[in-house]
Amino acid sequence: MIQIGIVGCGVIGNRLAAAIADHDRFELVAACDLDADRAASLAADHGTERTVTTTDHEALVATDGLDAVYVGVPPLAHRDVVADALAADRHVICEKPIAADAETGRELVALAEETDRVTAVNLPFRYTPGFVRLREMVEAGEVGDPRRVELRFRFPQWPREWQDVSWLESRDQGGPLREVGTHFLFGVQELFGPIETVSADVGYSGPERYEDDVVGTFRADGVRGTVDLLCDHEGEEENSVTVVGDEASLSLTEWYRLVRDRGREGEATLVDERGDTVRTLLTEFADAVDGDGGDLVSFAEATRVQEVLDAIHASEGDSVRPGVDAGGR
């Protein structure tokens, strides 16, 4: 049984806690949040009589018998919590993005490489049935020659109504690209490998506030891609990735639904199930902790995504190489 603690008891932290409570290889033994009532509520809902609560993450990572830590705090706080957990010899699952910027991500990669602890980032497209099928079909040539990969985001309201946290409005760690775009840029990386160049025109909702209008292009393994994001408008929320080939196109919409379009032959829904990606993440993580492999998104993979996000913000319409022209080494 893996004894795990949660730092950050918001919406996502509670989702992880519910999955932990339902998993036979984990026990939630500690919960931490700056708001003591939130930590107590999470522990009452998903913990056991042994679950302790605290407002200090250093106290949590020092908990006797603790094996692992889930880090679900805002991105600017990731570095300190992850570093302290690794220093205390704990395994770590970090919420995406890996950090608020790629420089910090690379620092976390280096810290992880200095230990023998298992580390992972929660990027669920690795396990989402519709995305896995999309990746397999592209690899098998079922769209023919990939001609374009298109990322489209529409947010009538940002932050979304259920996201009752002010940091998502800030430019330094919030915004829809970090919060949502991270998943889809990781998806591009899964499909075609590292993104090599980026050019984007980015508009912001105000000084030091989130991006609300992005039109950009990128290239990965010779495939051209587009990013089209708009916030604060009339209409429905939309998040999608589409691979257009010379024989067919495949679109993942609503986070999980995979649709194939063959022109005059029409559309067909190929996958219409969400899957339990959190449970899969926990199972893969437990396998890795037990020395039985484990298919996990590494800190390095997540940092490559953050390099692309940094490049989008830095490009100002010019072509930027992620990890090189946007502050990389």
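The values are calculated or read from the model by the stated rules, or taken from the named source; none is laboratory data. Predicted model, so just to flag it, every value in this text is computed and none were measured. Methodologically, a virtual Cβ is constructed for each residue, glycine included, from the backbone with ideal geometry; neighbour enumeration extends over all protein chains shown. Keep in mind that these areas ignore ligands, DNA and RNA; they rest on the heavy atoms of the full protein, side chains included. Shrake-Rupley method; radii C 1.70, N 1.55, O 1.52, S 1.80 Å.
For the range 170-323, what % of the accessible area comes from carbon and sulfur atoms, probe 1.4 Å?
Working: 2690 of 6760 Å².
With neighbouring chains kept in place, the figure for the range 170-323 is 40 percent.
Please give me, ordered by residue number, the GluC sites (Glu not before Pro) of the range 143-189 that lie in loop per DSSP and have at most 15 other Cβ atoms within 10 Å.
Numbers: sites: 150, 161, 169, 179; in loops: 161.
Passing sites in the range 143-189 are 161.
Where the centroid of each part is defined by its Cα atoms, how far is the range 73-106 from the range 185-204 in Å?
22
With Cβ to Cβ distances under 9 Å as the rule, what net charge do the other residues near residue 203 carry (K, R +1; D, E -1)? Mind showing how you got there, number by number?
Details: positive: none; negative: 201, 211, 212, 213.
Residues near residue 203 contribute -4 overall.
Once neighbouring chains are kept in place and the probe is 1.4 Å, which whole percent of the accessible area of the range 1-136 is contributed by carbon and sulfur? Intermediate results must be reported in sequence, preceding the final value.
Working: 2440 of 5390 Å².
Ligands and nucleic acids excluded, carbon and sulfur reach 45 percent.
Under a 1.4 Å probe, what is the accessible area of the range 1-125 per residue, stated in Å²? Please list the in-between numbers first.
On the way: 5030 Å² over 125 residues.
Computed with neighbouring chains in place, this is 40 Å² per residue.
With the other protein chains left in place, how much accessible area per residue, in square angstrom, belongs to the range 127-201 at a 1.4 angstrom probe?
Working: 2950 Å² over 75 residues.
Ligands and nucleic acids excluded, the figure is 39 Å² per residue.
Taking amide H positions as placed in the peptide plane 1.01 Å from N, state which residues far from residue 212 in sequence (5 or more) or on other chains have amide H under 5 Å from it.
The answer is 203, 204, 205.
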